Amino acid sequence: MTDAVIKCDSVYKIFGANAKKMLQEANGNVDAKTFQKMGCIVGVNNASFEVAKGEMLVVMGLSGSGKSTLLRCISRLTDATDGKIYIEGQDLLSLNNKELIELRRNKMGMVFQSFALLPHKTVLENIAFPLQIKGMETEDSIKKAVDMVKLVGLEGRENYFPRELSGGQQQRVGIARSLAVEPDIWFLDEPFSALDPLIRKEMQDEFLRLQEKLQKTIMFITHDFDEALKLADRIAIMKDGVIEQLDTPAKIVLNPATEYVKKFTEEVPREKVLKIEDVMEKPNNENLGDLKVSKDEIIENVAEKILTQEKSVTVTGEKNKIVGTVQPSKIIHTVFGGRRNNS
Amino acid sequence: MELLKKYPKLFQWLFLLIVFFALCFSIDVPETYKFIRGQAEFIKDPNQSTYTLFGTEVRYYAFDVLWRLPPLLGWLPIWVNDTLFFLLNEWMPMEFWNEATREYKTRPLVLQITRNITAFMTFLIEFIREILLGGVETVVAFTSWDFVSTYRWAKLPGLPWTIVAAGAAILSYKLSGKGLAIFAGLVMIYISVFGQWKPSMQTLSFILVAAPLSFAFGLSLGIWAYKSKRVEKALYPILLTMQTMPQYAVLVPAMVLFGIGDHAAVIITMVVAIPPMILLTLLGLRAVPPEVIEAGKMSGCNNFQLMTKVLVPTARRDILIGVNQVIMVCFSMAVIAAFIGAKGLGWNLLLALNQLNIGLALEAGLCISLIAILLDKMSLAWANKQEDYFGNLTFFQRYKNSLFFAGALLIGIILSYAGSFYFKEGYNYFFEVPHNKGISTADFWNKGVDWIFDTFFVYIKAFNTWLIVEVLQPMRALYLRMPAVATLVLVVGAGYIIGGIRSALVVGGLALFIALSPWWDRALVTTYMATFGVIISCTIGLTVGTLCQQNKYTTKFMLAVCDIFQTFPSFVYLIPVMMLFGVTDTSVLIAVIVYATIPATRYTIEGLRSVPAGLHDAASMSGVTKFQRLINIEFPIAFPHMMLGVNQTIVFALFMVIIGAFIGTEDLGQYILKALSDKAGGGKGLILGICVAFIALIFDNLIRTWVQKRKKHLGID
Ligand SMILES: Nc1ncnc2c1ncn2[C@@H]1O[C@H](COP(=O)(O)OP(=O)(O)OP(=O)(O)O)[C@@H](O)[C@H]1O
Ligand SMILES: [Mg+2]
C-alpha cells in the first residue's frame, strides 16, 4: 500500500540497560519471559502494520500489554529499540530534532491516558498552548481555543485550572488541545475511559461525526470492546508486546487467530459485531419471505425484524441487487449459540 | 529468644547503649583535662605536644586517645588559610589594563577576578540605592567626576518616599489586589514615619540585587543539574553541606576574598541563598510527571520551550518555595552581613543590640521583618498571577496602573517641591524623614524593658539560675563527660542499625572529622545546646501542631503564623529574648526554641494532614475514638514526615545556637565570631562552619535513611 500514513516494520521496544545487545543476540525471537529474567522488559515485540489514510485503528489489550508504548514509539516520544517507522513515507527515525518538531507541530496530535494538562495554565491556555508554541499570536490562539472549548462542551469553564476540573472534564480539555492544531494523525490513549457512560457515548458519537468530517488517520487505544466495535475500522489486539491479530472487528470475532484472541473476544456480543453479510447464505428461493435487509446492516439492528419472520429473509446488496438469504434460525444461532459459558 | 526474633532492632539498640555506657564509665576523665583547653593554637605552653605536617606546626594538649583524639586535622585551617592567601596574592600573576591609571598592572588572577566581581556588585547596589536615595556614583561610573561637577543636574536627587510608597502599593495592587496594596502602603508609611527610611532603602537595595541574582543562578544551576547527571552528582554533596553550614561561617572566608562592605555581603548572601534554590528547583523538575513532558513534546516544543513553558512552570510550586527561601535567607543575611560592613537596617540592629538599646533594635527588627513579609507576599503573588483574556478593556482600564503611577510620581514631586518651601528650615518631610527625626518608640520599649526588669527581676533571675544550675550545667557536664571513643561508637552504631554499613561509614566519617579537629569540646557544647533546644521545640511543636490540626481553621491559622515567623530574619529572634533575659545562655536557648519550633509545628501539621481521608473514614466506621485514631492510625502514618520536621528543627536549632554566639556562648559559634576579627581567620571560620554542618549532616543522614525505610515499609511514596 503506498498511501499508508503510518507504517511500522518489525518495531521492537525493550526497556533495560543492554536492550540493544540482547535484541541482537535474540535474533528477532524475543520472548518476554526470558528477557524479564535478564532484567529487560519487553514493551513492543515485532510490530509490523500499516494504517491507511483516514483509517481508524483501535489497539486493545490487557493492562501492560504495550499499547501506550507502541503509541510512544510511533510518535517518537521514545526511540524504538529496533525496526523502521514511516510517517507518510518519511522515515521517522531518521528525522533530526528540527524536522521532528515540525512534524509534531503540524501533523500529529495526541491525547494522553492521564490527561497531562499543564497545571499552571487555565483550560483556555492549555488548549491554546500548542498553537502558541507554533508561533501563533496570543489573541488568535485564544480565539481558536474558545471554538475548541465549545466543541468539547466546556463552555463556562474557560478560566478554570485543571485541578478544578473532574477527570472527564480534564480529558475533554486534552482532546480539545490535541485537536487545536488540526493534526492529520491523531493518537488517542484511552481518551474516554475517565468519562461517565452518558458523556462517553456522547463523545463517541461526536468523535465519529468529527471523523466523518475530518477524515484523520487515527490510532486509538481502549479497554472497552464496545467502544472499539463502535469506532474501529480495524482492531489490533496486543499481548505482552506482540500484536496477536490485526483485522476488521468481524473477522477477529469470527476467526480469532490465536487462543488468546479467542478468549479475549469470547464475551463480545456477536450481534453487535457481525453484519448480515457475515451470516447470509447463497441466494435460494426456498421458503422466502417478503422482508429485505441490506447486507451491511449490523445484526443487532435488524435482529428483531428478522426474528418476527417465519420465513427466510432476502439480503440485498448495492442497488438493491439480491445477494443472499438469511434464516431466522441462523440469527438465533449466531446470537446465542456462539457463547460457551452462557448462564 | 522469641523476643529477640520479634524485635531484633530493639536488642541491637540495647546492646549499643550498653557498650556506650560501659565505655563512658571505664574511661576516666584525665587529671589534666579542663574544658576549653584542647585547642590547637600557637601559645607556647610546656604542657603542649606538637606535630608538624606539611610544614605547619600544630600544638595541642595531649590526652589519652580514648578520651579525646589528638587534633590531627589541626593543620587544615592553617593550610586553608595559606592556600587562600597564596591564591589571592601570588598565584598566576597577569597583566591587566587599568582604565583609571591608563597602564598595565600586574596582579594575581584570582585577585583580579574578585576585584571585578566586587566592582560589578558595587555598581549594581549603588545603582539601585541611588534611585531610591539619590547620589552620583552611578553617573560617575559612566562619565567622570568632572562631568558631575560641571553639570549640576546630574546629581540624582532620589525618589521622595511618597513615590516609592505609592509605587509599592500600585505594584502590589497589580500583582494581587487591594489587601496587599494596603499592606504595602502601610509598611512604607510606617518605615518612613518612624525615620527608618534611609537604612531601609539601603537594605532594600542590597536585597534587590542579592535576591534576583540568587534566584537566577539557583534556577539555572538547578536546570543544569536536572539535565546532566554528572553535574548533579558533583553539586549534591556541596549543596547538602552548604545548606547545613551556619551563615556566620561563610562570612569569614568571603571576607578574605572580597573584603568588607555591601558587595561582599551580596556575594555571601548569594553563596548561602543559591543552594536551597538549586535543590528545590531540582526537586520540582524531577517531580514533573513524564506525561506532561510528553504532552509538551507533542505540542511541538523545542528544548528551550519545553524548559521555559512546560517544565519550569509545572515545577512552580517547589520553585516558589525556593524563592521564598531565597528571600528569607537574604533578609537574615542582611543582618548577619552587617558584621562585615553591610549598611542598612541590619547595621542599625546590630549596633542597637550591642548598646543594649532594645527599643531601637526592636524598631529596626520590625522594619526588616515587615519588608521581608511584603517582598515574600509580592513574589508569591507575582508567580500566581493570572491573565484575563476576556476583558474588553478600554484604554484607561488597560493602563490604569501605569497612569496611577504617573500620577503618583507627579504628586510626589510636587509635594516634595512644595515641602521644600513649607519646611523652610531643617528637613523636608515630604522628601525623606531623616533617621533621627521620625517618631520613635524606642524610649517606650526601653522603659518597658526596664520596667520588666525592675518588676520581674527576682523571678527572671530565679528562673535563670534554676535553669542554668539545675538543667543546663548538668547537661553540659554530661555531654563533656563522654569520651570521644564512646561518642564515636554510639554514632557509628546508630548509623549501622538504622542504615547498614553505608550509613555507618558516612556518619562515622563525619563524626571523625569533628573529633580530629581541634574543636571537639566546642562541638559538644554546640550539640548540647542544640539538643536542649530540639527536645523542647519538638515537644512544643508536636503538641501545638497536633492540637491545631484537629480543626480546619486553626490549621490554616497556624500555618500562616509559621509562614510569617519563618520570614523573620533569624537575628530578630534575639531581640525579645534579650529584652527579657538579658545576656545569658538562657536567652540563646529561648531564641533557639522559638526559632526551631516553627519547622516542628509545620511538619507535624503537614504530616497529619497528609493522612489519606479514606483512612479516617475507615477508622471511624470501625468505631475507634478520635484519640485512638490519632494514636493508632494518624501518628504512625504521619511519623516519617514529622521526622523530617525534626531534621529541619535540628538545622534551625544549630543555626540559632551559632548566631547566639553574638550574645556570648562558649561553643563553636563563639570561635567563628572570633575568626571574623582575626586576620588569618578564613580557614578557621570555614573549618568551624564545616564542623557545624557535619553535626547537622550526621543527624540528617540518620533521620533521612530511617524515614526512607519507614516510608517504604508503610507503602507511601
Ligand atoms: N519507561 C519504562 N521503563 C521500563 N518499563 C516500561 C516503561 N514504560 C513502560 N514499561 C513497561 O512496558 C510494558 C508496557 O507498558 P504500557 O504502558 O505500554 O502498557 P499499556 O498497554 O499502555 O497498559 P495500560 O492499559 O495500563 O495503559 C509494561 O510492562 C511496563 O511495565
Ligand atoms: Mg497505557
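The values are calculated or read from the model by the stated rules, or taken from the named source; none is laboratory data. Being a predicted model, the structure only gives us computed values, none of them experimental. Neighbour counts are summed over all protein chains in view; Cβ atoms, including those assigned to glycine, are modelled from backbone coordinates with ideal geometry. Note: accessible area is taken over every heavy atom of the protein model, side chains too, but ligands, DNA and RNA are not part of it. Shrake-Rupley method; radii C 1.70, N 1.55, O 1.52, S 1.80 Å.
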Quick one: check the C-alpha center-to-center distance for segment B:253-316 versus segment A:128-153, whole angstrom.
-> 30 Å
Tell me, what is the Rg over Rh of segment B:550-683, with Rh the Kirkwood radius over Cα pairs?
-> 1.15
Just report the Cα centroid separation between segment A:1-54 and segment B:468-528, whole Å.
-> 57 Å
So the angle from the long Cα axis of helix A:138-151 to the longest Cα principal axis of chain A, reported in degrees to the nearest 10, equals 20 degrees
Amide N of segment B:535-565 lying under 15 Å from the label point, which is placed 7 angstrom from the Cα of B:Asn384 along Cα→Cβ = B:556-557, B:559-561, B:563-564
Using a 1.4 angstrom probe with every protein chain in place, what is the largest-first accessible-area order of A:His333, B:His616?
-> A:His333, B:His616
With 5 Å bins from zero, work out the P(r) of segment A:271-342 over every alpha carbon pair and list the percent per bin.
-> 3, 18, 31, 26, 13, 5, 2, 1, 0
By how many degrees, 0 to 90 and rounded to 10, does the Cα axis of helix B:8-26 deviate from the longest principal axis of chain B?
-> 80 degrees
Sorted by accessible surface (1.4 Å probe, heavy atoms of the protein chains only), largest first, A:Val11, B:Val458, B:Val594 come out as B:Val458, B:Val594, A:Val11
Determine, for each peptide in B:319-327, A:143-151, A:198-206, the mean count of other beta carbons within 10 angstrom over its residues, then list the peptides with the highest first.
-> B:319-327, A:143-151, A:198-206
With all protein chains in place and a 1.4 Å probe, B:Leu240 shows an accessible area in Å² (nearest 10) of 50 Å²
For segment B:578-616, list residues with backbone N below 17 Å from a point placed 7 Å from the Cα of B:Trp466 toward its Cβ?
-> B:581, B:586-587, B:590
So what is the relative contact order for segment B:204-359, in percent, with contacts set as C-alpha pairs under 8 Å and at least six apart?
-> 32 percent
Express as a percent, rounded to the nearest 5, the fraction of DSSP beta bridges in chain A (both residues included) that run antiparallel.
-> 55 percent
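Per residue of chain A, what 222 nm ellipticity follows from adding -39500 (n - 2.57) for every DSSP H run with n ≥ 4, rounded to the nearest 500?
-11000 deg cm²/dmol
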So the carbon and sulfur contribution to the accessible area of the protein assembly as shown, 1.4 Å probe, in percent, is 61 percent
Mind giving me the FRET efficiency for B:Leu480 and B:Thr543? R0 is 22 Å, r the Cβ-Cβ distance, nearest 0.05 is fine.
-> 0.10
If one computes the Cα centroid of segment B:68-125 and of segment B:537-613, what distance in Å separates the two points?
-> 42 Å
Give the cross-link partners of B:Lys400 among the lysines, using a straight C-alpha distance below 16 Å as the criterion and excluding same-chain residues fewer than 8 apart.
-> B:Lys174, B:Lys178
How much space per residue, in cubic angstrom, does the convex hull of the C-alpha atoms of chain B take up?
-> 232 Å³
Averaging sequence separations of C-alpha pairs under 8 Å and six or more residues apart, then dividing by the length of chain B, give the relative contact order as a whole percent.
-> 18 percent
Quick one: accessible surface of B:Ile690, probe radius 1.4 Å, all protein chains present, in square angstrom to the nearest 10.
-> 40 Å²
For B:204-214, what's the mean count of beta carbons from other chains sitting within 10 Å of each residue's beta carbon?
-> 0
Mind checking the mean number of beta-carbon atoms from other chains within 10 Å of the Cβ atoms in A:95-103?
-> 2
Hull volume in cubic angstrom per residue (convex hull over the Cα atoms of the protein assembly as shown) | 269 Å³
Please give the net charge around A:Gly109, taking every other residue with its beta carbon less than 13 angstrom from that of A:Gly109, where Lys and Arg add +1 and Asp and Glu add -1.
-> +3
Total lysine pairs under 21 Å (Cα atoms) in segment A:116-264, excluding pairs fewer than 8 apart on one chain = 25
Net +/- balance of residues flanking B:Asp443 in space, Cβ distance below 12 Å, scoring K and R +1, D and E -1 | -1
How high is the FRET efficiency between A:Thr138 and A:Asn18 when r is their beta carbon distance and R₀ equals 45 Å, given to the nearest 0.05?
-> 0.40
Can you give me the three principal axis dimensions of segment B:204-359 from its C-alpha atoms, in Å, biggest first?
-> 64, 30, 21
Which aspartates and glutamates have a Cα less than 17 Å from the Cα of A:Lys311, not counting those fewer than 8 places away in the same chain?
-> A:Glu281, A:Glu286, A:Asp290
Farthest towards the positive end of the dipole of chain A, among A:Tyr12, A:Ser329, A:Val261 and with Cβ unit charges of +1 on Lys and Arg and -1 on Asp and Glu, lies the Cα of A:Tyr12
For an R0 of 56 angstrom, estimate the FRET efficiency from the Cβ-Cβ distance between B:Val29 and B:Phe85 and round to the nearest 0.05.
-> 0.90
So how tilted is helix A:97-106 from the main axis of chain A? Cα-based, degrees 0 to 90, rounded to 10.
-> 50 degrees
Over segment A:271-342, what is the mean sequence separation of C-alpha contacts under 8 Å (at least six apart), divided by residue count, expressed as relative contact order in percent?
-> 35 percent
Per residue, how much accessible area does the protein assembly as shown have with a 1.4 Å probe, in Å²?
-> 49 Å²
Could you pull the accessible area for B:Phe120 with a 1.4 Å probe, rounded to 10 Å²?
-> 110 Å²
Other protein chain Cβ atoms within 10 Å, averaged over every residue that makes up A:212-218 = 0
